[in-house]
Amino acid sequence: MECYGSRQWRPGERFYSFSAYLGQKHGGRVRKISVDAGLGCPGKETGSWGGCIYCAEEGFYRGEKNIPVKEQIRQGIDRFRGVKNPPASFIVYFQPGTNTWAPPGKLSKLYDSVRAFPEVSGIAIGTRPDCVDREIIDLIAGYCGNYEVWIEYGMQSSNDDTLRRINRGHGYGEFLKAVELTRRYPDIKICAHLIIGLPGEDEGDFISSASETARLKLEGVKLHPLHVMKTTPLEQEYVSGKIKILTMDEYINAAVKVIEHLHPCTVLQRLSADCADDMLIAPLWLKEGSAVREGIIKELERRNTFQGKLYSE
């Protein structure tokens, strides 16, 4: 695990922020460009289990669709041309859908889109832990010689009961297998997505999931509050009163406790979620954006605590 250590955190920061990591790693500002490879989700498209109860892709991805990946990258880079203090480089993030759910030949053509842009220094691939195998990991590892490579796995929780409850379609064992498979190539960095506030979970569950990422010494973690989007099964449960959504204060409190249990060298890539206003049902405080991040920062300061304070080998 590559680690700059807590002494390399930005002065005054109480967690290892993604911007701090990128600045140290690349020597300048780096921006992510999200692209849609059009690969969809096996849960929804195969009809085998219907997909996660909270998922509506149009709620969290608002970029261009139905145009070639190469053109999406070009448009993303062009948005920063001429701005004051432009990024030094870019990471292309294959975001919506399951971006390893295709034959290796097709994946190679999609990933190769980054090669046309010298400004691109990294590639991030969002996927499910049950949608990788040795051949796909071998393919992804082939980009490590020229790019910083991240795989973002939707872990969500380490509790198998929770994963069944949200209709995830795999257990925690599949996540562990994906990590083991990916670790064959130490240059591939792993980022786990964790959702705080999943149905039936309490503080012990949040902390257990965080502790698992620390035990595995994952390079990155993204935190997300559970939120309800239109057209999802979760919307029906929320409207009928079957589930409760955390208040902002409850989420901030939970996020701080999760952060305390993370490995101190894990890069905290996100502190909250983003959702299109016209798709969001609850919580409405998600629209406040930076207020959630600022609330977490202030609570860390108030408690005089920091990332990894409660981590132990």
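The values are calculated or read from the model by the stated rules, or taken from the named source; none is laboratory data. It should be emphasised that the depicted structure is a prediction, and the values quoted were computed from it without experimental measurement. Reconstructed Cβ throughout: ideal geometry from the backbone, glycine too, with neighbour counts over all protein chains shown. Ligands, DNA and RNA are excluded from the accessible area calculation, which covers all protein heavy atoms including side chains. Shrake-Rupley method; radii C 1.70, N 1.55, O 1.52, S 1.80 Å.
Starting from the Kirkwood Rh over alpha-carbon pairs, what translational D in µm² s⁻¹ does the stretch 207-291 have by Stokes-Einstein at 37 °C and 0.692 mPa s?
This corresponds to a translational diffusion coefficient of 233 µm²/s.
At a 1.4 Å probe, what is the % contribution of carbon and sulfur to the accessible area of the chain?
That fraction is 48 percent.
Could you give the length gained by full extension between LEU310 and ASP202, i.e. 0.36 nm per residue of separation minus their alpha carbon distance, to one decimal place? Don't jump to the answer; show the numbers that get you there.
On the way: separation 108, 0.36 × 108 = 38.88 nm, distance 1.81 nm.
So the chain would gain 37.1 nm between LEU310 and ASP202.
Among LEU271, PRO199, TRP285, whose Cα sits farthest toward the positive end of the charge dipole of the stretch 185-292 (+1 at Cβ of Lys/Arg, -1 at Cβ of Asp/Glu, about the Cα centre)?
Farthest along the dipole direction, towards plus: LEU271.
For ASP36, tell me the accessible area in Å² from a 1.4 Å probe, rounded to the nearest 10.
Here the residue's solvent-accessible area equals roughly 20 Å².
For ALA291 and THR231 in the same chain, what is the full-extension length gain: residue separation times 0.36 nm, less their Cα-Cα distance, in nm?
Between ALA291 and THR231, full extension yields 18.9 nm more.
If the elastic network links every pair of Cα atoms under 10 Å, which of ASN66, ASN99, ASN159 fluctuates the most in the Gaussian network model of the chain?
ASN66
Return an integer: the convex hull volume of the alpha-carbon atoms of the stretch 83-125, in Å³ per residue.
76
Can you work out the accessible area per residue across the chain, with the rest of the protein chains kept in place, probe 1.4 Å, in square angstrom? Don't skip to the end; give the middle numbers.
Details: 13830 Å² over 313 residues.
The answer is 44 Å² per residue.
What is the Cα radius of gyration of the chain over 2.2 N^0.38 Å, N being its residue count?
0.96
Quick one: order LYS298, LYS84, LYS222, LYS25 from most to least accessible surface, probe 1.4 Å.
LYS84, LYS298, LYS25, LYS222
Could you work out the local net charge near ALA255, counting Lys and Arg as +1, Asp and Glu as -1, over the other residues with Cβ closer than 13 Å to its Cβ? If you can, show how the numbers build up before the last one.
Details: positive: ARG14, LYS222, LYS257, ARG270, ARG293, LYS298, ARG303; negative: GLU203, ASP249, GLU250, GLU260, GLU294, GLU299.
Result for the neighbourhood of ALA255: +1.
Among DSSP beta bridges whose residues both lie in the chain, state the antiparallel percentage, nearest 5.
Of the beta bridges lying entirely in the chain, close to 5 percent run antiparallel.
Once you've got the Cα coordinates, tell me which of LYS84/LYS217; LYS44/LYS222; LYS257/LYS287; LYS70/LYS257; LYS189/LYS298; LYS177/LYS298 are over 32 Å apart. Let's see the in-between values first.
Numbers: LYS84/LYS217 37 Å; LYS44/LYS222 24 Å; LYS257/LYS287 23 Å; LYS70/LYS257 41 Å; LYS189/LYS298 29 Å; LYS177/LYS298 37 Å.
Check vs 32 Å cut-off fails for LYS84/LYS217; LYS70/LYS257; LYS177/LYS298.
What 222 nm value per residue comes from the helices of the chain, counting each DSSP H run with n ≥ 4 as -39,500 (n - 2.57) and dividing by all residues, nearest 500 deg cm²/dmol?
Working: 12 runs with 107 residues, N = 313.
Helices in the chain give a 222 nm mean residue ellipticity of -9500 deg cm²/dmol.
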